[in-house]
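Here's the structure, in structure tokens; my notes come after.
The values are calculated or read from the model by the stated rules, or taken from the named source; none is laboratory data. In this text, all values refer to a predicted model and were calculated from it rather than measured experimentally. Positions of Cβ are backbone-derived with ideal geometry, glycine not excepted, and every protein chain shown enters the neighbour counts.
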Amino acid sequence: MDWYRKPARAAAEAFGVDRATGLPPEEAARRLAEAGPNSLRSAPPTPTWRKILSQFQDPLIYLLLGAIAVSVLAWGVEGAAGVPVDAVVIAVVVALNAALGFLQENKAENAVAALQSMTAASSTVLRGGALRTVPTADVVRGDVLVLAEGDAVGADARLFSASGLRVAEASLTGESEAVTKDPGTLSVEAPLGDRTNMVYKGTAVAQGVGRAVVTGTGMGTEVGAIAGLLEATEAEPTPLQRELAVVSRVLGATVIAIAVVVMVVTALVNEVDTLPDLVTVLLLGVSLAVAAVPEGLPAILSVVLAIGVTNLARRHAVVKKLHSVETLGSASVIASDKTGTLTRNEMTIVRLRTASGEVELSGTGYDPAGQATSGGRPVEDGDLLTEAGLLLLGGSLSNNAQLELRGGAWEIQGDPTEAAFLVASRKLDGVAERADLFTRRAEIPFTSERKVMSTLQHRSRDDVVAIVSKGAPDVLLARCTAVQVGEGVEPFDDVRRATALRDVEDLSSRALRTLAVAYRRFETHERGALEVFDEDDEGDLVFLGTAGIIDPPRAEAAAAVAEARRAGIRVVMITGDHPVTAARIAADLGIVAEGERAVTGAELDALDPPGLAGTVRRASVYARVAPRNKLQIVDALQSGGNVVAMTGDGVNDAPALKSADIGVAMGIAGTEVTKEASAMILADDNFATIVVAVRQGRAIFDNIKKFLRYLLSSNMGEVFTVFLGVVFAGVLGLTGAGAEAVVVPLLATQILWINLVTDSGPALAMGVDPEIDDVMARAPRGAGDRIIDGRMWTGILTIGLVMALATLLTIDVFLPGGLIEGGDSLEVARTAGFTTLVFAQLFNAFNSRSETTSAFRRPFDNAWLWGSVGLAVLLQVAVVHLAPLQVAFGTAALDAAHWAVCVAAASSVLWFDELRKLAQRLHDRRGAAG
């Protein structure tokens, strides 16, 4: 029901409450039991078993589970002797991946819960004629809500009394200025931000007092309506999840095809006709399947993402889902709220206009550090300094805010705009001290109709009595008959009045909110009229000047926007604030060019789908938007092929946060609903942290490509080795070289060993590889770009083929017969080939750090990579020379000559790839030049 269009008494009657005494406590308890708590509906907590199960719901995991099943089947057919090593190893990897994902997501949930505990949770109500502080969840419809400065509004309510009440509604409407409230009934339909006789759950009282009848609780509030919209918004999988699903499907098909082809070719070439030989062929096929699947990928991916999440947590960003950390790296658009996100949500006076000119005040926020300048020079004396001091003195006296230093930080109580005068007064020597000499005797409060606040001040030291007024310039100027010029007062003639009006227009054109200040000094014989202090006394004022106030951009936001633009990321501002203010802030931050106007929510509502798509393509600043408009913008951006990161702190941002590819909520100013909807929370509310996350995400994506390139090319090397070794067994001298009916270049256990030794360690080390190139110097990857594109697949297959050729030629060198005559046994030759393939993969680890940059550029930056390679070399030496391992893996000892040949042959992978990279760099340079 539109309670704002009905008298307050109608709301009281509808809910059966006496506004003078409130609900009886027992009636409030009955209503609470009947309607439920005043809280938003949330999804029930996910059971632990379901969280664990969700870790296995991934295409690559399905592939590995299939490999486990086939391995167990082959082990059973072979006689179920010993332990099915392949199946056990893969199962351990899958379990490790699940544990990592489960633990990291639990850790993130705990961090989110800690942030949510920061929200206020109590309200003051009138029950049984007495004021009571109750949990906000216990507020019911019909309660009389008692509001005072600094209170959080606990429910939607219809005001029936208010005195100087102003409510900050930025979290709900996006409006940065506190809204003046009035109990009067509105006769026409009004948008949410203009319903001045209503207060809403999730907002805060900036100034004054008031009482209201609660008309909506829980999901029946405006916040609840947005939460309902949020439930209907589907969360999209991250780009990385979509990409890995594609890779997994491709790998699945490839694995099946390779295994079938190799088993058929092996059976035909070796004329398999017995069950033991058939089991050998089947085991070879399974081994190849395991070789082709990078079984360490899920665990390595989880570890790399978890490390990235931990690094971001140190920089005050809490990532709720592991895959989300990469999404920011692929973001092409950051759609950001203005108030509290790009700006500080701390009103600041930056300019003063008086009769003698303009004063600029440096510094932002509530820290009173700063200085006064004019024309770039300090204002040290003269009329301008005198006038500026009086202007700020007057603004500080006609004021109900408080400014205090607590714990090393400046904090305010009351209206942020009024607090701006207190902060500014401390930037001029002596002004704050002069204000302390005055005592307030009376006040005429600010109302939306009057647009002026006045206080009666007395300075006992010299018995000065004065009225000091602060308010809208157009209203206050009409009450002024004189103007302050230096120490003196001059008539406010038409010329000076016109100048003052131009000053106001100029400040407004710069998106500054303007407030004028004036005063009147009462001589002793005039003080009798002040026995009743009312609006009649607000005349014959002396005009002091106009203050230009702005919610300043965060100091780090402009640099963050510039860095985002350098990275090819478009920053879009979406706010509920005034269009002129939004455009000014956007221009100051470098989001749009000077003079570009903001598109309003009303304009968006009037557009058809093609018009909306066209507007979203070109416009980068939106003002006076409703929650549905934010969702429209995000959806339109995504439809245009963009990966969208949406930041915000208010309830009105929540649906768009959930719909975006990654939602980023503010941890301090953000509401509970916003944090719930987001994928990442900035614990310090610092916009610059988003750019840090973008860099981290891009670096993570690069590292994912590095270890994918490494794992897949190395695995292809194993596949090509076995396949070509079987097909060309006669050419290489393998046929008849041993007693086995089926002679293969590598044993199944050796393939498993290669995976254990070379896959996990180096791949994990590449997952934490430092940036080789500046990741912010390139445009974001397109939404349709593959994580493994055609060029990368070509490199994977080419390197895999070079590894196989080096391995097979090494076997041929030492094996009798074949292309090159050798004199060693099959066991020695196979061991040499086995060792060559291991070393080739280790050389390939250095290749894989970049697709185009030489492996010799900054080769020692990654100590973890060198450590993992060194460990792999020691393990390979052990498997070749330790007797128990020789038996288990079918190896034989090698002499120095064997080792030299193995290392030389393996290094061909490095030299080949260096030549390929050089050719690629030359090609890219020619393309850039052309």
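Looking at the stretch 884-897, is at least one residue assigned to a helix (DSSP H, G or I), assigned by TED's automatic domain parsing to the domain that holds Leu805, under 19 Å from Glu718 (Cβ atoms) and touching a residue at least 60 places away in the same chain (Cβ under 8 Å)? Yes - at least one qualifying residue is present in the stretch 884-897.
Among the residues making up the stretch 399-455, those that are among the basic types (Lys, Arg) and over 20 Å from Glu387 (Cβ atoms) are Arg406, Arg440, Arg441, Arg450, Lys451.
Tell me the residue from Ala331, Ala355, Ala409, Ala369 that is in contact with a helix residue (DSSP H, G or I) (Cβ under 9 Å, 6 or more places away or on another chain) and surrounded by fewer than 24 Cβ atoms within 10 Å (Cβ to Cβ), please.
Numbers: Ala331 fails: surrounded by fewer than 24 Cβ atoms within 10 Å (Cβ to Cβ); Ala409 fails: in contact with a helix residue (DSSP H, G or I) (Cβ under 9 Å, 6 or more places away or on another chain); Ala369 fails: in contact with a helix residue (DSSP H, G or I) (Cβ under 9 Å, 6 or more places away or on another chain).
None of the other options fit; the residue is Ala355.
Taking Arg849 as the residue in question, decide whether it is assigned by TED's automatic domain parsing to the domain that holds Arg925, surrounded by fewer than 17 Cβ atoms within 10 Å (Cβ to Cβ) and either among the polar types (S, T, N, Q) or within 30 Å of Arg921 (Cα to Cα) (or both). In short, no.
Looking at the structure I just gave you, is Ala466 buried (at least 21 other Cβ atoms within 10 Å of the Cβ), touching a strand residue (DSSP E or B) at 6+ places or on another chain (Cβ under 7 Å) and not hydroxyl-bearing (Ser, Thr, Tyr)? Against the criterion (buried (at least 21 other Cβ atoms within 10 Å of the Cβ), touching a strand residue (DSSP E or B) at 6+ places or on another chain (Cβ under 7 Å) and not hydroxyl-bearing (Ser, Thr, Tyr)), Ala466 does not qualify.
The criterion of being in contact (Cβ under 8 Å) with a residue 24 or more places away in the chain, part of a helix (DSSP H, G or I) and in contact with a Phe, Trp or Tyr (Cβ under 9 Å, 6 or more places away or on another chain) holds for Gly329.
Residues in the stretch 821-845 that are surrounded by 24 or more Cβ atoms within 10 Å (Cβ to Cβ) and either hydroxyl-bearing (Ser, Thr, Tyr) or not in a helix (DSSP H, G or I) (or both): 3 in all. When you check Val802 against the structure, is it within 25 Å of Ser868 (Cα to Cα), crowded, with 20+ Cβ neighbours inside 10 Å and not basic (Lys, Arg), yes or no? Judged against the criteria, Val802 is a match.
Of the residues contained in the stretch 186-201, one or more are found to be closer than 27 Å to Ile668 by Cα, assigned to a strand (DSSP E or B) and in contact (Cβ under 8 Å) with a residue 24 or more places away in the chain.
Among the residues of the stretch 579-596, those that are touching a residue at least 24 places away in the same chain (Cβ under 8 Å) and of a type in the set (Gly, Ala, Ser) comprise Ala582, Ala583, Ala586, Gly590.
The number of residues in the stretch 76-91 that are assigned to a helix (DSSP H, G or I) and either modelled with pLDDT of 75 or more or among the charged types (D, E, K, R) (or both) comes to 4.
In the stretch 747-770, is there at least one residue being more than 30 Å from Val304 (Cα to Cα) and not basic (Lys, Arg)? Before the answer, list the steps.
Initially, the stretch 747-770 is screened for residues more than 30 Å from Val304 (Cα to Cα), giving 747.
Going one step further and asking which of them are not basic (Lys, Arg), we end up with 747.
Yes: one or more hits.
Has the stretch 434-441 got at least one residue that is out of contact with any helix residue (DSSP H, G or I) (no Cβ under 7 Å at 6 or more places or on another chain), buried (at least 20 other Cβ atoms within 10 Å of the Cβ) and not in a strand (DSSP E or B)? No, there is no match, as no residue in the stretch 434-441 is out of contact with any helix residue (DSSP H, G or I) (no Cβ under 7 Å at 6 or more places or on another chain), buried (at least 20 other Cβ atoms within 10 Å of the Cβ) and not in a strand (DSSP E or B). A single entry from Phe912, Phe860 fulfils the requirement of being touching a residue at least 12 places away in the same chain (Cβ under 8 Å) and in the same structural domain as Thr798 (by TED's automatic domain parsing): Phe912. Of all the numbered requirements in (1) buried (at least 21 other Cβ atoms within 10 Å of the Cβ); (2) out of contact with any Leu (no Cβ under 6 Å at 6 or more places or on another chain); (3) of a type in the set (D, E, K, R), Lys181 misses one, and that requirement is (2). Total residues in the stretch 442-471 satisfying the condition of being of a type in the set (A, V, I, L, M), touching a helix residue (DSSP H, G or I) at 6+ places or on another chain (Cβ under 7 Å) and under 14 Å from Asp534 (Cα atoms): the figure is 5.
The set of residues in the stretch 788-820 being hydrophobic (A, V, I, L, M, F, W, C) and outside any helix (DSSP H, G or I) consists of Ile788, Leu815, Leu819, Ile820.
Return yes when Val692 is at pLDDT 80 or above, of a type outside the set (S, T, N, Q) and surrounded by fewer than 24 Cβ atoms within 10 Å (Cβ to Cβ) and no when it is not. Can you show your working first?
Working: at pLDDT 80 or above: yes; of a type outside the set (S, T, N, Q): yes; surrounded by fewer than 24 Cβ atoms within 10 Å (Cβ to Cβ): yes.
So Val692 fits the description; yes.
Just checking, how many residues over the stretch 608-647 are out of contact with any helix residue (DSSP H, G or I) (no Cβ under 6 Å at 6 or more places or on another chain) and at pLDDT below 80? Total satisfying the criteria: 1. Test Thr447 against the criterion of being surrounded by 13 or more Cβ atoms within 10 Å (Cβ to Cβ), at pLDDT 90 or above and either within 49 Å of the chain's Cα centre (by Cα) or among the β-branched types (Val, Ile, Thr) (or both), and give yes or no. No: the conditions fail for Thr447. Scanning the stretch 603-627 for residues that are free of Cβ contacts under 8 Å to residues at least 24 places away in the same chain and basic (Lys, Arg) yields Arg617, Arg618.
Yes/no matrix, rows are residues, columns are (1) of a type in the set (D, E, K, R); (2) assigned to a loop (DSSP other than H, G, I, E, B):
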position	(1), (2)
Arg9	yes, no
Glu13	yes, no
Val17	no, yes
Ala28	no, no
Leu32	no, no
Asn38	no, yes
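Gly782 meets the stated requirement of being surrounded by fewer than 17 Cβ atoms within 10 Å (Cβ to Cβ) and within 47 Å of the chain's Cα centre (by Cα).
A quick yes/no check of all residues on (1) crowded, with 24+ Cβ neighbours inside 10 Å; (2) not assigned by TED's automatic domain parsing to the domain that holds Ala420:
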residue	(1), (2)
Ser508	no, no
Val517	yes, no
Arg565	no, yes
Val571	yes, yes
Val580	no, yes
Ala606	no, yes
Pro610	no, yes
Arg618	no, yes
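Restricted to the stretch 650-686, and to residues there that are under 17 Å from Gly224 (Cβ atoms) and of a type in the set (Asp, Glu), the residue that is modelled with the lowest pLDDT is Glu672. Taking first residues from the stretch 766-795 that are within 16 Å of Ala845 (Cβ to Cβ) and partners that are surrounded by fewer than 18 Cβ atoms within 10 Å (Cβ to Cβ) and hydroxyl-bearing (Ser, Thr, Tyr), the Cβ contacts under 6 Å between residues at least 6 apart in sequence or on separate chains come to Ile772/Thr853.
Scan the stretch 856-883 for residues that are in a loop (DSSP other than H, G, I, E, B) and surrounded by fewer than 19 Cβ atoms within 10 Å (Cβ to Cβ) and jot them down. Explain how you work it out, then say what you get.
So in the stretch 856-883, the residues in a loop (DSSP other than H, G, I, E, B) come out as 856-862, 882.
Within the stretch 856-883, Phe856, Arg857, Arg858, Pro859, Phe860, Asp861, Leu882 meet the criteria.
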